[in-house]
Amino acid sequence: MLIRTTLALAVSLSALNAQAADLSRVAAAFGNTVLSIYPDGRSQKIWLHPDGSWNGVGRNGVLLNGRWSTKGDKVCLRQSHPPTLPFSYCTGFPADPHIGVTWSSHDFVGRPIELTVVKGLVEAQNPPPVQAR
């Protein structure tokens, strides 16, 4: 019984350490904006939250949200609103993330984008109108 308990505790601690390492990789994004700039000059803003959720504003002004996770050196986003195909978009995240870090990547259809971590929660340039219910 003691061996099983010790083994279960070791597995739990290992999972917590992996989760903490995942959080430390993206911690610079918490409370800040991950800005994606497309070749046409338009941008998308994403805000990652420590609880694994994210929200943002797409290039066309549409409000977005979903869940994020890490896989190795990549951050993966799964969008739930507006509904999309059931897959996650994964992109590399810098090994030394900090405010102002910039890196190149591709969006989910392969278009080149430049990403940067911008200090603070940068608002949408043209927020969509609030619809009455």
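The values are calculated or read from the model by the stated rules, or taken from the named source; none is laboratory data. This is a predicted model, so every value here is computed, not measured. All Cβ positions, even for glycine, are placed from backbone atoms using ideal geometry, and neighbour counts span all protein chains on display.
Would you point out which residue out of 61, 31, 52 is at pLDDT 90 or above and within 11 Å of the chain's Cα centre (by Cα)?
Just a single option satisfies the conditions, and that option is 52.
Those residues that are hydroxyl-bearing (Ser, Thr, Tyr), surrounded by fewer than 16 Cβ atoms within 10 Å (Cβ to Cβ) and part of a loop (DSSP other than H, G, I, E, B), I need them from the stretch 68-99; list them, please.
The answer is 84, and nothing else.
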